[in-house]
Amino acid sequence: MPDIFALLPALEGTHPLLTERRISLIGVSVILRDDEAWYFEVQRPRYWARRPGGVLSVGIGGIGGGLHAGEDALTALRREVQEELGVGLALETPPHTVLLHEWQMAGYLEIPAGPPGREAHPYIVNLLPPQLGGSEMPDALAIVTFLGRPLGRPRRGDLFGLLTVAPAALAEFLDAPEWTVAAIQAHPGLGLDLASELPPDCVLRPVLTARAFRVVMGQGPKPGG
């Protein structure tokens with residue numbers, strides 16, 4: 001797993017949690033929206049989990065994924081957007097860069113201004129606890145999320161499912177910790193495009209990037225549009 005500061009050096013030293021620590025970048029993602037909708041992934045069946053009470057939980061995530069060997073963060077993100085939605089990506093400057101630490105707000109980052117033409121800085125830096133032990137274990141894992149717009153009309157590519165949320169429905173959608181399939185299908189501001197049907201008794205809940213976005217949207221200011 002690549003070192004976050006090797007790929008995104010402007011983040012180093014912007015917060016005590018980003019100072020003199022080993023942090024592995026495990027994924028890049030984008031909160032993607034246009035004038036018609038916000039776009040989220042419905043995760044593949046291998047990531048679904050059955051709760052102790054028997055309810056099947058299906059994750060809703062952001063658009064993005066892991067990095068291939070030798071890729072920089074934005075090359076990986078553009079590849080993922082193209083593979084998953086069949087469109088290019090125009091990055092936007094977020095209202096701020098938020099640092100999350102184990103799903104809690106840790107602060108806002110002051111990222112030094114770059115040269116003219118430099119691409120937009122991240123919207124969310126999400127620090128998570130490492131999963132494995134040993135001498136090579138980093139101090140934290142990170143998912144870095146950008147804000148952007150699709151260049152073209154998104155369509156479901158190699159995703160299992162694509163969830164669209166109308167701008168007017170975003171606050172209501174994120175306010176609920178989970179949704180049933182029936183509730184999503186009945187809502188005029190929500191849409192599902194799936195490779196196959198979801199089990200009717202499952203619930204859909206934000207995970208990873210979508211969960212981080214839900215935390216950030218509980219604060220302010222919000223992205224425009």
Problem set entry | 222 nm mean residue ellipticity, helices alone, for the chain (DSSP H n ≥ 4; -39,500 (n - 2.57); rounded to 500) | -4500 deg cm²/dmol
Exercise. When DSSP assigns beta bridges and you keep just the ones with both residues in the chain, what percent turn out antiparallel, to the nearest 5?
Worked result: 70 percent
For this session: Quick one: grab the alpha carbon gyration tensor of the chain, order the square roots of its eigenvalues as a ≥ b ≥ c, and give me rounded if a/c is under 1.5, else prolate or oblate depending on whether a/b is larger than b/c.
Result: prolate
Exercise. Can you pull out the trypsin sites (Lys or Arg not before Pro) in region 53-132 that DSSP calls coil and that have at most 14 other Cβ atoms within 10 Å?
Worked result: Arg118
Exercise. How far, in degrees from 0 to 90, does helix 73-85 lean away from the longest principal axis of the Cα atoms of the chain, to the nearest 10?
Worked result: 10 degrees
Seminar exercise, completed: Scoring the chain by relative contact order with C-alpha pairs under 8 Å, at least six apart, yields a percentage of 26 percent
Exercise. For the residues His121, His96, what sequence is obtained by ranking on other C-beta atoms within 10 Å, fewest first?
Worked result: His96, His121
For this session: Measure nothing but the geometry: give the 0 to 90° angle between the long axis through the Cα atoms of 208-217 and the longest principal axis through the Cα atoms of the chain, rounded to 10°.
Result: 80 degrees
For this session: Work out, step by step, the length gained on full extension between Glu36 and Glu71: first 0.36 nm times the residue separation, then minus their alpha carbon distance; give nm to one decimal.
Result: 9.5 nm
Exercise. Once label points are set 7 Å from the Cα along Cα→Cβ at both Glu102 and Ala176, what is their separation, rounded to one decimal in nm?
Worked result: 3.1 nm
Exercise. Going by how many other Cβ atoms sit within 10 Å of their own, how do Val215, Val125, Val58 line up, fewest first?
Worked result: Val215, Val58, Val125
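Quick note: the coordinates plus some simple rules give every number you see, no bench work behind them. Just so it is clear, the model here is predicted, and its values are computed rather than measured. In this analysis, Cβ positions are derived from the backbone assuming ideal geometry, glycine residues included, and neighbour counts consider all displayed protein chains.
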